Amino acid sequence: MSGARIETGTTVTGFRIQTDRVLGVTTTAGKIDAENVVIAAGPLSGPLGKLAGLDLPLATVRRQKLIMPDVPQVPAGAPMTIDFETGAHWRPTGTGAHALWTAPAPAEPPLDDVPTSASFAFGLLDPGSDHALARVVPFWKEVWASSRLQWWLQAGQYTYTPDRRPLLGPTHIAGLAVNTGYSGHGIMGSIGGSRRAVDAISGKLRAVDNPFGPDRPMKSRAFDVL
């Protein structure tokens, strides 16, 4: 047990800074003093950093998920299936399926409520689409033609860095660190990344040995399809 106290429903409104050092944060519930403050706000990390005068190299990109609650054609035991040429993929969920397409997309402003687009669903379901699910598994043509098909969309944002690697550890502002920018790999990398961020903050990991330091030089890489 870490003994940490977790506050939910509380918004950070600013940083307490004295002589170029962060001493804590101001929130909708009052002030909080802290020797170290870590920005780990996903897509909202960039705007949050600006409150402290920190310009993080982050771009936010919309990602959507097609949810189909009842699709009898989908075998319950099927594996996640990916079309590597297009990045379209699907997997069984309950009595239905989830489907995604992570093709390159333009950067957008960070948002709390990310809008969805029906064209995303049609692009996956319509067999005439160049990234249709039916390109790999023919039964998706039956799904498209079914009058029973029901679906809805969810949307969020991936937070990308120029080199598609996370930002982990102290920044040039004393007392302020980051743990963000996982470029779509947050679920897979967050545990190890958080451990590295803690080690960098505590000094267990030297700055010269941290390839994910937020002030590192970066060589831009293209958006990954998956």
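Please treat every number below as a calculation from the coordinates, not as lab data. All of these numbers come straight from a predicted model, not from anything done at the bench. Every residue, glycine as well, gets a Cβ built from its backbone with ideal geometry; the counts of neighbours run over all protein chains shown.
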Margin query: Going through 44, 56, 48 one at a time, which residue ends up being closer than 19 Å to residue 164 by Cβ and either assigned to a loop (DSSP other than H, G, I, E, B) or out of contact with any Lys or Arg (no Cβ under 6 Å at 6 or more places or on another chain) (or both)?
Written below: 56
Note to self: So, in segment 20-33, how many residues would count as being touching a strand residue (DSSP E or B) at 6+ places or on another chain (Cβ under 9 Å) and exposed (fewer than 14 other Cβ atoms within 10 Å of the Cβ)?
What the structure shows: 5
Next item on the list: Determine if segment 108-120 includes at least one residue that is without any contact (Cβ under 8 Å) to a residue 40 or more places away in the chain and part of a loop (DSSP other than H, G, I, E, B).
Entry: yes
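How many residues are exposed (fewer than 14 other Cβ atoms within 10 Å of the Cβ) and in contact (Cβ under 8 Å) with a residue 12 or more places away in the chain when one looks only at segment 124-138? Give the steps one after another, and end with the answer.
Going through segment 124-138, the residues exposed (fewer than 14 other Cβ atoms within 10 Å of the Cβ) turn out to be 128, 130, 138.
Narrowing the set further to residues that are in contact (Cβ under 8 Å) with a residue 12 or more places away in the chain leaves 130.
So the answer is 1.
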Check: Given the residues 216, 206, 196, which is the only one that is touching a Phe, Trp or Tyr at 6+ places or on another chain (Cβ under 7 Å) and farther than 17 Å from residue 159 by Cα?
Finding: 196
Checklist line | Unmet requirement for residue 141, which otherwise passes all of (1) touching a residue at least 40 places away in the same chain (Cβ under 8 Å); (2) over 24 Å from residue 60 (Cβ atoms) | finding: (1)
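Any chance segment 36-57 includes a residue that's closer than 20 Å to residue 129 by Cβ, among the polar types (S, T, N, Q), surrounded by 12 or more Cβ atoms within 10 Å (Cβ to Cβ) and under 24 Å from the mean Cα position of the chain (by Cα)? Walk me through how you get there before you give the answer.
As a first pass, look at segment 36-57 and keep what is closer than 20 Å to residue 129 by Cβ: none.
No, because not a single residue in segment 36-57 is closer than 20 Å to residue 129 by Cβ, among the polar types (S, T, N, Q), surrounded by 12 or more Cβ atoms within 10 Å (Cβ to Cβ) and under 24 Å from the mean Cα position of the chain (by Cα).
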